[in-house]
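Right, one structure below, let's go through it.
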């Protein structure tokens, strides 16, 4: 039943050999890996305007300059990451680059930052996608949390089916958003030329009195606006992480996609920022209607079909931006699982060759975050970009060292020049992102980012702890200098409650294993029943001694565990094998009708050292029981139907 | 942690040998077994008045006569059950009596009736106790469901601690209710004598016009009123069921308690009914304030301390009436479990020597009923007495046959006279209860009792089905003509993922069991890892063949199950033992860090016939591993702490 549901939602299992088939062509890689950075142009401008509005109209006029700074940073970071794509064709996320060049500690810091960042990407993107919906349909606003959670679930399911199929489903909104935004620019240009372009609806909002420009306050304001605008850069690193998912030549295709993404993001961001200035759009404190939807209202007209289409595309790409994280998080978690920084289950591929456990983990934490923050985009976005720039910085610094080492091994002058060039690009990237990280940390930490920082620190120590635990276990179980010798003696115990067929089978099996000592043990719950068993045992003249243990508290486990412990005191190098006859039923409700004491017993024995439990199942109602003593065939054939 | 909570709520485990200590003296047996019949006087009068009011004032004047009929029936039933106490000193509930004298079908009908009846007793008593509380404190009315459920939980906990302790806690409200009701009669007599007795607050309610007395309508009304008044008889059978819980001489003490109960119930019921007539109390359609609380208001004065004390005692005894069912249900369920009509778990005594599973089951179903019926007493009470009178009738008819058989074996004239006398009493009981059963069925079945009837029919077939299932299993596993012969061959398989200490231990143990065939098996998930294992295996020159199974779907269970099935095709009379090395961790979170694939594997193998799973646990971080191959001691001593 639950299996059927799983097949319906996720699809049939795929063979490991089909792993190569899930590789992505460039036109699909763009929506899969770049919906996050492209979609962030939908809210980055608003974040700038929101901060600058506090400085009045004079500060607002600085918007284009702040936007330009963000665009330049974007160009630098894209150029930097292009180098990474070539240097790390097997995937060069911040974790891998840091580990290879900066050591374990830096790598774990990067990994913590990335994991937090991915979770934030899902939460922020989905919630702001829902804001795009509620901007167009205000009556849905009360259901924002439920809508957001629903979208996360849909994304998780799509990704459980596999990367390629999800990429195809996600291509439409990405290209629709790009196309519609470009169309908006054209329409705005035409209308602006004709003088029919209306101002934004918030254009005449009362602003604070103009403040003296050039003072310390304005500088801080500009810095804060820049820090907020940097949300446009989130998700840029996803491609460098996902190089192995590209078709060959992997590195070249990845770099190409990265460049494409940079061009698109810069174009859209610049256009939207200029339009916001031209239309004098202000940000509402609750983000509703958003700046981008105000622009669309002015350009397309509020009730027009194009307006609703644009809002739908915006919502679509924002929600799918979360998909970038669904592609990145499970791969990173899998690498961390393989390297034993996270539980190894995260390294396993599921039925559909995707890292199912990572997908489920990401969706779970994101849902918790959305519910915990009541789907409030303003609060969520404060936690966001510290993680992003931490990993940017570590990645770029790592790349600079990477090239230094490459240079040391390289003698060919042309190659050395190329390496020097790459290193210079990464150095610019490293310096820029370091500066921005300091700025972001200083301006955001008091506004909620401390939570993200705390989560990163916690993750760091948890991952280091897990790694040390695995290392200890690995040392403990290492068999380097162990020769497989046999136990001194095997002492077999067969548990018997009544003299029925399952008990006789267990007894026969125990005898077939030729133990050094073999005895049957029964626990006395009811004196009359025990007397009957002892009598029957004697009458049958069974070649095994029957021992009766008292169970004064009607708990079967305690007396047996005590008996076994006593045995081990006398023969500490023996192994004690306990044979437990067990019913196996064909229908679930039949389990209700059989005493579950065997289960409890097994649980207790598991924690008793030196004991090995042997389950001897008896399949009720099954004709083919395999070997079965000397059963009369017509008895074996009894089938059970109720 | 959960164990600590259990100890706190339920107390320490008790030895089986202390079973005798929980026997009850008469003064404790009365509240334990009789709170139900005694407390039902609190609502029986109201049920009569409620029906008669539909016939107007003229019909209401018939109340004393209807009450008299109920009293007479009560006397007859009490006299009948006294005979049962003597005839069945080991407990003569309707089930036992029916089974011994009327056969399996009748016994199962009686058992179904009793089980339904016990559940209804809990629901009805607790809910009407809560009505007594909300009559005095109307502001609690919205929390009726939560209050009722809370009381059921408290009762269940008290009973999980054991009968005697719960009896002691329950004595106070029972005796308080009896004493205060008698005090109320005295005060009413004095005030009546002095002419200061006020009428009930509903005395002047508009009644339907008086209807011609003597018509068919009036007859039906009287019959229905009588049927409703019969709720006074619920719970009378509890004592005959619980004879073994009395101190010696058990039968005599039980009969004495029964008589005492009869006297008390008749006195209180007669007094309350007469007072209701005298004060012209009418029943409100929603039962709030109840007739008995109106009487208390008139007699004691609305705001007086005595009034609140009386309401508290009424609520107390009503809620504790549910305790009668908590004493009866688990014992009956235990008998049914022993006789294999219900799951055998119900036959086990828990830590405190009570039938814990029965207590939990009863509480669970009662809570479901209370929540399902929204704690509405009017609807719940309709389901009630059909079960009661079904078991009464079967019990009395069974007793009549019992005496017939006794008579056949008895020659002594004095004894024969005594038997004849007992039989006559039971015959009167049988005829009366049969008539009442017909009346109750006819008047109640359309008003909701069909649900109780349906539940009884369902229970009947479920119990018969369970019995037949157990009989089939018992026949299937019977070892009457089976000699314990050994399997043809033992084919041992050791699962290996890496060559670590747990794997070597499993291998050593498998060799120690001297199987006919021994091989190691590994599942190929990752080609490189498998190559490494094969190389290591060859390097070590292990004396066991290593077989590699492909796992193209990354599911370990499927290839192994297929391999085992293939083996069995060639050697069907062999047993295949699968040795699985398994980590046992000392802390719960460590389990998260180990792959749980072994668990899944074991689940699948359990359902594969002819396979026996041997768990070879490796206790991580434990120094004493028992036999452990030739481990260097300093390695064994590594303890794990994170």
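Only the coordinates and a few stated rules stand behind these numbers; no lab work does. All values derive from a computational prediction rather than experimental measurement. So basically every Cβ, Gly included, is an ideal-geometry build from the backbone, and we count neighbours across all protein chains shown.
Can you bin the stretch A:490-622 into rounded, prolate or oblate? Criterion: square roots of the alpha carbon gyration tensor eigenvalues sorted a ≥ b ≥ c, rounded for a/c under 1.5, prolate for a/b above b/c, oblate for the rest. Cα axes put the stretch A:490-622 in the rounded bin.
Here A:386, B:419 are placed in order of increasing Cβ neighbour count within 10 Å, fewest first, which gives B:419, A:386.
Per residue of chain A, what 222 nm ellipticity follows from adding -39500 (n - 2.57) for every DSSP H run with n ≥ 4, rounded to the nearest 500? Mind showing how you got there, number by number?
Numbers: 25 runs with 416 residues, N = 642.
Calculated mean residue ellipticity at 222 nm is -21500 deg cm²/dmol.
Annotation for residue B:301, label-to-label distances across the other copies: 8.4 nm (shortest first, one decimal, point 7 Å from Cα along Cα→Cβ). On the beta carbon distance between residue A:548 and residue B:451, with R0 = 45 Å, the FRET formula returns roughly 0.40.
Can you tell me the relative contact order of chain A? Whole percent, Cα pairs under 8 Å, sequence separation 6 or more.
Values: 991 pairs, mean separation 128.8, N = 642.
RCO, chain A: 20 percent.
Label residue A:27 and residue A:604 with points 7 Å out from Cα along Cα→Cβ: what is the distance between them in nm? Spacing of the two 7 Å Cα→Cβ label points: 6.8 nm. Using the Cβ-Cβ distance between residue A:58 and residue A:458 with R0 set to 51 Å, the FRET efficiency works out to roughly 0.75. Under the simplified labelling scheme, the residue A:90-residue A:305 pair shows an inter-label distance of 5.3 nm, with each label point 7 Å from Cα along Cα→Cβ. Counted by neighbouring Cβ atoms within 10 Å, the residues A:48, B:292 run from fewest to most as B:292, A:48.
Taken over the alpha carbons of the stretch A:22-470 as equal point scatterers, the Debye sum produces base-10 log I(q)/I(0) values at 0.08, 0.13, 0.14 Å⁻¹ of -0.43, -1.15, -1.33. Within the protein assembly as shown, what percent of beta bridges assigned by DSSP are antiparallel, to the nearest 5? Of all bridge pairs located within the protein assembly as shown, approximately 5 percent are antiparallel. In terms of other Cβ atoms within 10 Å, B:149, A:122 run from fewest to most in the order B:149, A:122. Measuring between their Cα centroids, the stretch B:229-281 and the stretch A:398-434 lie 98 Å from each other. Distance between Cα centroids, the stretch B:440-501 to the stretch B:121-153: provide it in whole Å. So the separation of the two Cα centres works out to 38 Å. Looking at chain A alone, DSSP beta bridges between its own residues are antiparallel in about 0 percent of cases. The modelled label-to-label distance between residue B:193 and residue A:274, using points 7 Å beyond Cα along the C-beta direction, is 10.9 nm.
R0 = 60 Å: FRET efficiency of residue A:558 with residue B:216, Cβ-based, nearest 0.05?
Numbers: r = 69 Å, r/R0 = 1.15.
Working from the Cβ atoms, E equals 0.30.
Subtracting the Cα-Cα distance of residue B:408 and residue B:498 from their residue separation scaled by 0.36 nm leaves 24.6 nm.
Our summary gives the stretch B:490-622 a relative contact order of 30 percent, counting only alpha carbon pairs under 8 angstrom and 6 or more residues apart. Roughly what angle does helix A:413-444 make with the longest principal axis of chain A, taking Cα atoms, 0 to 90 degrees, to the nearest 10? Orientation of helix A:413-444: about 90 degrees from the principal axis.
In chain B, the longest principal axis of the Cα atoms and the axis of helix B:104-136 are about 70 degrees apart.
Plainly put, the tip 7 Å out from Cα toward Cβ on residue A:338 is 6.4 nm from that tip on each other copy, the closest given first. Between copies, residue B:219 shows label-point distances of 10.8 nm, shortest first, with the point placed 7 angstrom from Cα along Cα to C-beta.
In peptide A:566-578, how many Cβ atoms from other protein chains are near each Cβ within 10 Å, on average?
On the way: counts 0, 0, 3, 0, 0, 2, 3, 3, 3, 9, 2, 5, 0.
Per residue, the average neighbour count from other chains is 2.
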